[in-house]
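What follows is a single structure, written as structure tokens, with notes after it.
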């Protein structure tokens, strides 16, 4: 995607992630703007193809007929939204998590750069995207300790519960930089595994790693109770994170 369109992506992505914060008319206007942009983008890339993911998706539509035109447009739109809000959200909430409690975790991360990958896994695990709830439909009867989920029944899945399962994680409410948190469901699994998972983790490792290297004295410039989150949104993120160093 063109770098100069970043601010436009943010505006349009908010129509999905912060829908509760705007009127139906405003959300409709932003989505229509976004859809128009995607249509122009697809037309441009068809005329001057490259060698990117978007070109592979266009080929899956035009050459192999594996996608309909609306599916192609919605998939490109979804990838842009998923790649904008999620990573920036995790980075902000992750930095906040590491700066809390007298900056113990941040100071350790700055002193031991090798802990960056483990730190990323931990901030991903500890409700880094907010209390996401996924609506799913059972395709068959499923027996759970709490009872039977019957075929055709709608189920709301709280991801935070799985990521804090005491049967999997010792002291799940604590952030431990030497914990092996690689076994987690943040990116889904099986055929629904997030196609941007490796890129997202690489971005977060670069972001946290460079911040810790260049700003080891980073600290909060506001009290915790002063921080505000986009509550009620699909992805709960920090409105701002005042810091100093």
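Here, each number is a calculation from the coordinates, and none is a lab measurement. It should be emphasised that the depicted structure is a prediction, and the values quoted were computed from it without experimental measurement. When we count neighbours, we look across all protein chains shown, and the Cβ atoms used for this are built from the backbone with ideal geometry, even at glycine.
Per-structure values
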read-out	value
Virtual spin-label span in nm between residue 180 and residue 112, 7 Å along Cα→Cβ	1.6
Helix-derived mean residue ellipticity, 222 nm - over the chain, DSSP H n ≥ 4, -39500 (n - 2.57), to 500	-15500 deg cm²/dmol
Relative counts (whole %) of C-alpha pair distances in the range 1-66, using bins that are 10 Å wide	19, 40, 29, 11, 0
Residues residue 199 and residue 4, FRET efficiency given R0 of 22 Å [Cβ-Cβ distance, rounded to 0.05]	0.60
Estimated D of the range 1-140 in µm² per second, where Rh is the Kirkwood radius over Cα pairs and Stokes-Einstein applies at 25 °C, 0.890 mPa s	136
Over the range 64-216, volume per residue of the alpha carbon convex hull, in Å³	144
Mean Cβ neighbour count within 10 Å, used as a protection proxy, ranking 80-89, 134-143 highest first	80-89, 134-143
Degrees between helix 69-99 axis and first principal axis of the chain (Cα, 0 to 90, nearest 10)	10
The range 101-172 - convex hull of the alpha-carbon atoms, volume per residue in Å³	122
Spacing of the two label points (7 Å from each Cα toward its C-beta) at residue 137 and residue 241, in nm	3.8
Principal axis box of the range 145-194, alpha-carbon based, largest edge first, Å	42, 26, 13
Sites residue 75 and residue 165, calculated FRET efficiency, Cβ-Cβ separation with R0 41 Å, nearest 0.05	0.85
Rough spin-label spacing in nm, given labels placed 7 Å along Cα→Cβ, for residue 151 and residue 221	6.0
